[in-house]
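Submitted below is the structure of interest, expressed as structure tokens.
Derivation of every value follows stated rules applied to the coordinates shown; laboratory data play no part. As the structure is a computational prediction, the values presented were derived from the model and not from experiment. Methodologically, a virtual Cβ is constructed for each residue, glycine included, from the backbone with ideal geometry; neighbour enumeration extends over all protein chains shown.
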Amino acid sequence: MNSDILICGVGGQGTVLASKLIAAAAMEEGNVVHSAETIGMAQRGGSVTSHVRIGSSASSPLIPYGGADLLLAFEPSEAVRNLKYLKKGGRVIVNSTPVRPSTEPEGYDEKDILSYLEKKTGCIIVDGAKECEAFGSAKFFNIMVLGIAVGSGALPIESESMINEIEKRVPKKFTEINNEAFKKGFEIGELSHENK
Amino acid sequence: MKEYVMGNGAIALGALSAGVNLVSGYPGTPSSEIIETVSKYPHKGVHLEWSVNEKAALEVAAAASYSGCRAMVTMKQMGLNVASDPLMSVAYIGVKGGLVVVSADDPGPISSQTEQDTRRFADFCRIPVFDPSSPEEAFEMIRDAFDYSEKYSTPVLFRPTTRVCHAYASIEVPEEFSPKAYDGFEKDPKWVIFPRLSYINHGKIEERNVKLSEDFSGYRFNTVSGDGQKAIVTSGVSFSYVKEYLKDRTDVRLIRIATAFPFPESFATKALEGVEEVLCVEELSPYVEEQLLKLCGKHHLSVKILGKLDGKVPHNGENSVESVSGIIADFLGDEGGKEIIDTSDMPPLPVRPPVLCAGCPHRASFYAVKQAMKGKKAFFCGDIGCYTLGNAMPLDMVDTCLCMGAGITMAQGLKAANDDAVCFAFTGDSTFFASGMTGVVNAVYNEADMVLCVLDNSTTAMTGHQPHPGTGKNMMGHMVEKVDIKKVLLGIGVKKVITTDPLDLNGSIEAVRSCADEKGVTAIIFKSPCIAITKPKDSCTIDADKCIGCKKCITEVGCPALSLRDAKACIDADLCTGCTLCKNVCPVDAIRGGSRNEQ
């Protein structure tokens, strides 16, 4: 299998864990995997990306523009910022909850951004804040989005492999709630698939 | 066993499997995870340390190498400047056990002050350098680096770049590691540098480098593939970008130089046979390009060399598949690239400059100084660490920032040239130990009037929370006596040292005022742990009925947890850590709650 997945968001949203789980699950299924992360100063509230490259045909640690099969965006404006990485016809899953930079707290309207995304791609829009309410923190979006990706068929990885990796890599006391978040995501993903 | 690790992890595991006996270094992006990885794997019998700075780290490692140990030192490229004093000299003295100095370059720059090139430093020191293009190669190459170091009795530089350090790959590593057996230090005049010895060794080094150039001409990672009259010469991670573009094409010659110094001359000469035009694709300085120009001059080769020097490749910034693809397509006359979604019509996007985290105690410290100095002429000298981010609006509290430790000495210089201003230096706890202390001695000795603000958050935050002498923990896993910053300052002779909690805004403002009014060197230690090592007990909330929407909390404090929603301030409970700084600013008492647990 060859599949390039770009994960983007704002520093602190948990994109790194999501990319690690995808990489680990893909490896468990016998694939060669490479990935790359944003680390350092840019992590402090800046735009962050993780590149996961499944398959042996990848040379560069970073996905080339127009190469990603799937874009997992934790924030609407970050989805648009990274759209150049998406393959024509690639899938997008986006969290519609905006993170407004403290330097321009009134600065942007996510509605324009989301309608632009819909115009350009066939994307699944998820209200992350609302869907995560039951789990007590919007931070669970990073696991939920994996469920959506698997459930919608956008990420060619088995549900079981992903759950196994969540159990292996997430602290014990959070395993159950993360599994719940994954399941919830899976349902959202399945539903969006059926609606297509 | 297979391990999925970062490039830095691959370097660590490669060194362990090479039998490394001692690893030292100072944190710096993109190099920090090397030592952290060593600490996470079984490393019995390996001495591991975060040294106070890169110079100390290299000196510790050099002496171990004199004793026959295999030693590795890790740092970022700026750190090599700090370590350059011992490195230049140990290049003349030579080594016994393998000594590998890892200096991670940061093209972009992404998290650095400069875009300097460690390969040029290798040339300057006349020592070999290895330049891996991927984590897999880094794992193999670091082991080669130890072998070459011992074979030629020389320190060796190892130069990964950010995209190699922070890329992940699967590495096959041994189940167990065993440090190399060694004899220990033997007294010999060869370990004592003197002008006469340097003169003799200088000659020997140049002779050796001729041999090394021949040896490197057969080195397994200096490679050539494909054929044709056009060649692309590349090095480091750019090699992987070029491969991504060329895929399986063989109508162009692809030459990769993994050992830029001593340049593998006969390898390159042979690889260029029949070639008419060369495009050099490398990051940072046009080092390989210059070597090729030299080679063509020396051998009267009629080859056109293109690259940074003729403007084909930009001098600054990092390469990417995209940047490299355009340049190669132009060079090869290729047409039609990959189809990319047209985003030329995209709506304006918010800019996200890096900012201090929500609830960061540094924000409170800067705010206290700002309030205390309102209406007065004051200069604020910043330093290297998270607190460099105090420059962002609305704080705007960093007037200068140069290099590690410079804030303290620059505050002295500003005062000498601007007697009417109050001059402040801000330094972090780790930076204070790394290169701040000598500056304080300088200030006291030279009768400076300045206020030193030590922002003590009990960790090295920016690079990933490494321990330092003030934390009471070291990398051998031992609890040790904390080096007390206050005692150090008093010992140096700083007359007035106040410790304050930056989250106590009024107390902090008072402390700043009292120090600013005094002659001589005064110091305030703002002590509050980094939010990454504390837990909020209770986050703050806004009473929407009371909030008048004046935005003062947002425009004064600039905390990422604060935003405006429906014309009222709003606090993101997931981000707020209960520091209560915004509470102090609100004119109508609309902010409630807020407290946090200590460590």
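Would you mind giving the mean number of other chain beta-carbons within 10 Å of the Cβ of each residue in A:82-90, as a whole number?
3
Any idea what angle helix B:84-93 forms with the longest principal axis of chain B, computed on alpha-carbon atoms, 0 to 90 degrees, nearest 10?
30 degrees
Rounding to the nearest 10 and keeping the result within 0 to 90°, find how far the Cα-based axis of helix B:287-298 lies from the longest principal axis of chain B.
30 degrees
Let me ask another. Quick check on chain A: helices-only [θ] at 222 nm, where DSSP H runs of length 4 and up contribute -39,500 (n - 2.57) each and the sum goes over total residues. Nearest 500, please.
Here the helix-only value at 222 nm equals -12500 deg cm²/dmol.
Also, quick follow-up: Using a 10 Å cut-off on Cβ to Cβ distances, tally the other chain neighbours for every residue of B:557-563 and report the average as a whole number.
Partner Cβ neighbours, averaged per residue: 4.
How would you rank B:355-363, A:86-94, B:505-513, B:383-391, highest first, on the average number of other Cβ atoms within 10 Å across their residues?
Final packing ranking: B:355-363, B:383-391, A:86-94, B:505-513.
Follow-up question, since we're still on this one. Starting from region B:191-273, pick out the GluC sites (Glu not before Pro) whose DSSP state is loop and whose Cβ has at most 11 other Cβ atoms within 10 Å.
Loop-located and lightly packed - B:Glu273.
I've got another one for you. Count charges around B:Met88 for me, please; just the other residues with Cβ under 12 Å from its Cβ, Lys/Arg as +1, Asp/Glu as -1.
+1
Right, here's the next one. Can you put B:Trp191, B:Trp50 in order, fewest other beta carbons within 10 Å first?
Working: B:Trp191 15, B:Trp50 27.
The fewest-first ordering by Cβ neighbours comes to B:Trp191, B:Trp50.
Something else now. I'd like to know how region B:223-332 sits against the 2.2 N^0.38 Å rule of thumb: what's its Cα Rg over that expected value?
Numbers: Rg = 12.5 Å, N = 110, 2.2 N^0.38 = 13.1 Å.
Computed over Cα atoms of region B:223-332, the ratio equals 0.95.
Now a separate question. Can you give the percent of C-alpha pairs in the protein assembly as shown whose distance is more than 54 Å?
Tail of P(r) above 54 Å: 12 percent of Cα pairs.
Give the average, rounded to an integer, of partner chain Cβ atoms located within 10 angstrom of each Cβ in A:53-65.
6
What number comes out for the charge environment of B:Gly436, summing +1 per Lys or Arg and -1 per Asp or Glu over other residues with Cβ under 13 Å away?
-3
Shifting gears a bit: Applying a 10 Å radius around every beta-carbon, put B:537-546, B:365-374 in order of their mean neighbour count, most first.
So the peptides B:537-546, B:365-374, ranked by packing, come out B:365-374, B:537-546.
Non-local amide H neighbours of B:Ile498 (under 5 Å, H modeled in plane, Pro and chain starts lacking H): which ones?
B:Ala523, B:Ile524, B:Ile525
For region A:3-23 and region A:88-144, compute the distance between their C-alpha centroids and round to whole Å.
Rounded to whole Å, the Cα centres lie 15 Å apart.
Ok, one more. Give the long-range amide H neighbours of B:His468: residues separated by 5 or more places, or on another chain, with amide H under 5 Å away, using H modelled in the peptide plane at 1.01 Å from N.
B:Lys473
Region A:6-101: which GluC sites (Glu not before Pro) are DSSP loop and have at most 16 other beta-carbon atoms within 10 angstrom?
A:Glu29
Please count, across region B:223-332, the pairs of lysine residues with Cα atoms under 24 Å apart that sit 8 or more places apart or on different chains.
Count of close lysine pairs: 25.
When the Karplus curve 6.51 cos²θ - 1.76 cosθ + 1.60 is applied with θ = phi - 60°, which whole-Hz ³J(HN,Hα) does each residue of region B:341-355 get, with x for Gly and Pro?
4, 6, 10, 5, 9, 6, x, x, 10, x, 8, 10, x, x, 10
By how many degrees, between 0 and 90 and to the nearest 10, does the Cα long axis of helix B:406-417 differ from the longest principal axis of chain B?
Between helix and principal axis, roughly 70 degrees.
While we're on this one: So what's the gap between the Cα centers of region B:289-333 and region A:149-182, to the nearest angstrom?
Taking the Cα centre of region A:149-182 as reference, the centre of region B:289-333 is 47 Å away.
Check which residues have an amide H placed less than 5 Å from B:Lys338's amide H, if you skip close sequence neighbours.
none
Would you please put B:228-234, B:58-64 in order of how densely packed they are, using the mean number of other Cβ atoms within 10 angstrom per residue and starting with the highest?
Ranked from most to least packed, the peptides come out as B:58-64, B:228-234.
Any idea how far the Cα center of region B:56-97 sits from the one of region B:388-419, in Å?
Value for the Cα centre distance between the two parts: 31 Å.
Right, here's the next one. When the Karplus curve 6.51 cos²θ - 1.76 cosθ + 1.60 is applied with θ = phi - 60°, which whole-Hz ³J(HN,Hα) does each residue of region A:98-104 get, with x for Gly and Pro?
x, 10, 8, x, 5, 6, 9
Then there's this: Could you tally the net charge around B:Glu175, taking each other residue with its Cβ under 15 Å from the Cβ of B:Glu175, Lys/Arg +1 and Asp/Glu -1?
That works out to -1.
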